[in-house]
Amino acid sequence: NKFAAAVAEIAPREVAPEAKAERCLKIQGLKRPYTEKQLREHLEGACGGGAVSWLWLNRVKSMCLAEFGSDDEAAAARREIYGDQWPKPTGGTLTASFCTREEADQTVASEPAAKPLGERLGAVFPPPPGGSGQ
């Protein structure tokens, strides 16, 4: 109902405690539709106008890793987005946890590479007319 939605909008969100702030955040709960540019702008606004120096999204755009200019900017962004619904009104409830850049790089490296469409569908496409196409 509208009353519950209005109360949820103004009620303070609880932010899960974290042991130590880092420059990188792992943000989960993302739901499309949104663009990478919209996400970057949202995160930069959340950290008080600082810059996101590095941003990576998984293939299905449900999780991202972001590196900020400082631990303080990352902490400010985490406080602002934790438990937030984004993008409004269809987005998911976001969670954010600190991670080191090394942990972020390991996550990126462990993400399976996207396969060509034909491989994903099990289709075999004939070579282009005229040979191998080289």
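Taking 0.36 nm per intervening residue step and subtracting the Cα-Cα distance, what contour gain separates Ser110 from Asp72 on full extension?
Net length gain for the segment: 10.9 nm.
A cut-off of 5 Å between modelled amide H atoms, ignoring neighbours fewer than 5 places along the same chain, links Trp54 with Glu67.
Taken along its principal axes, the alpha carbon cloud of region 72-113 reaches lengths of 32, 28, 11 Å, longest axis first. For the set Tyr34, Tyr82, solvent exposure ranked by accessible area (probe 1.4 Å, protein chains only) runs largest to smallest as Tyr82, Tyr34.
On full extension, the segment bounded by Thr35 and Ala21 gains 2.4 nm, given 0.36 nm per residue less the C-alpha separation.
The values are calculated or read from the model by the stated rules, or taken from the named source; none is laboratory data. Computed from a prediction, not measured in an experiment: that's the story for all the values here. All accessible areas refer to the heavy atoms of the entire protein, side chains included, with ligands and DNA or RNA removed. Shrake-Rupley method; radii C 1.70, N 1.55, O 1.52, S 1.80 Å.
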